[in-house]
Structures are given as structure tokens and as C-alpha cells.
Amino acid sequence: MEAPVRSGGGDLVAVGADLDPGTLLAAYRAALFPMPVDEQLGWWSPDPRGVLPLDGLRVSRSLRRSCRRYSVSVDTAFDDVIEACAEPRGGGEWITPAIRAAYRRLHRLGWAHSVECRDGDGALVGGLYGVAIGGLFAGESMFHRAPDASKVALVALVDLLREGGAALLDVQWSTPHLASLGVVEVSRPAYLRLLTAALERPLPAAFAS
């Protein structure tokens, strides 16, 4: 969810096509996701792949305190979340206007979702967005404007997925930050097995229209 575009190795598997809803959903079901590369639309399937086991999230004492300090909601400010994720200072340059428009369409159709984190005054201080298909949640990006705010959103997401019977939280690439929260790397064949099983599960109630 936080990694920059990689130009080497076998992570980039195709270039071209479009960002229509049907194309995007078919891509996620095939273990692909879009990210621009060299002014073209690239389709990525990292090997290894970063996933967060739903029983493996590491929540420190300080993060637990932060969870009590903020409030969390789902799908109340999708447009604001994706705009915040796209801010260059957060590494969101790859979230182009075309990407934002495509995921807004997916949100209106009930496939893309946001988790929002607000402070005591109700201000949006963190959040994340991604795509939910069956028991898969494919995380795309997160942001924070206050300490631990994006982590609090992630804790809430994991709780919602576990309660809803989901099976797979995909974070694309692992980073040291994500690894500290429990993200692990799996091979592409292993990810495909996890994905197949996840797609057979029902959509968690929190993301049902």
C-alpha cells in the first residue's frame, strides 16, 4: 500500500488496457493491479507479494492508546481519502487523476471502499482505501495527518475483515513499516492460492451496499 513503482524484475507483467470497472475487477481477480509506469498504464503482480495475515496484526500499547483517541468510519469520505492519499508529500504521485476517477467509479458501484480516521473534532486525520471482492481486500494506499492515524484505520480494517469472514488482506509490496505491523511476503504461486480461496468467500457485511 505504500511502495513506490518498481521498474525491474518480474513485478510489472503488462502495459496498456484501460481503467474501466470491468477491467479493474478482472485484474484483481487475476492478482493484478494498476499503477502508471513511464506515462503508460502498468499492471503489476509483485513476487513476492505483501499480505497481512488477519490474525497477525501487531498492535503496540501506544497504538492501542491511539485507537481510543480517534474515531473510525467506513465509506463516509471516499473522495477525501483518495485525494489525501494522492498528495505528493505522502508518495502518492502514482495516484493520477485517471486513477482517482477510476476508483471513484468503483466506489459508486460498491467495489472500492475507504476507512476513515477522525480526531476528537471530527477532522479527517488518516485513512485508507482499497477494493473488496468476496473475501479479498486489496489495499491501495493510506495516509495520515496525525500520529498513528493510518495505523488506526488499518486496525479497524483488520477487525472488520475478521468479523466479516474475509480471508486475504493484500498490501501489494511489503515495506519495513508494514512489516513492523505484521505484513509478510509470499510467493506468487502462494498468493494465487490464497486469492482463489478468498474469492470464494462472501463479502464482509461492512462493505456490502
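For region 65-94, filtering for residues that are among the charged types (D, E, K, R), outside any helix (DSSP H, G or I) and surrounded by 14 or more Cβ atoms within 10 Å (Cβ to Cβ) leaves 1. Contact map, region 12-36: first residue free of Cβ contacts under 8 Å to residues at least 24 places away in the same chain, second residue aromatic (F, W, Y), Cβ cut-off under 8 Å, separation 6 or more or different chains; pairs are A27/F33; A27/W43; L32/W43; L32/W44.
The condition of being more than 30 Å from S187 (Cβ to Cβ) and surrounded by 19 or more Cβ atoms within 10 Å (Cβ to Cβ) holds for only one of L52, L24, L124, that being L124.
Whenever a residue of region 144-165 is without any contact (Cβ under 8 Å) to a residue 60 or more places away in the chain and closer than 14 Å to L181 by Cβ, its partners that are basic (K, R) and surrounded by 18 or more Cβ atoms within 10 Å (Cβ to Cβ), lying with C-beta atoms within less than 8 angstrom and at least six residues away or across chains, give the pairs H144/K151. Of L136, L192, all but one fail to be closer than 21 Å to T23 by Cα, in contact (Cβ under 8 Å) with a residue 12 or more places away in the chain and touching a Leu at 6+ places or on another chain (Cβ under 6 Å); the exception is L136. Being closer than 17 Å to W173 by Cα and not in a strand (DSSP E or B) is the requirement here; does A26 meet it? Against the criterion (closer than 17 Å to W173 by Cα and not in a strand (DSSP E or B)), A26 does not qualify. Considering region 97-113, the residues that are touching a Pro at 6+ places or on another chain (Cβ under 9 Å) and either modelled with pLDDT under 95 or assigned to a helix (DSSP H, G or I) (or both) include one that is surrounded by the fewest Cβ atoms within 10 Å (Cβ to Cβ), namely A98.
The values are calculated or read from the model by the stated rules, or taken from the named source; none is laboratory data. Predicted model only: the values in this text are computed from it and were never measured. So basically every Cβ, Gly included, is an ideal-geometry build from the backbone, and we count neighbours across all protein chains shown.
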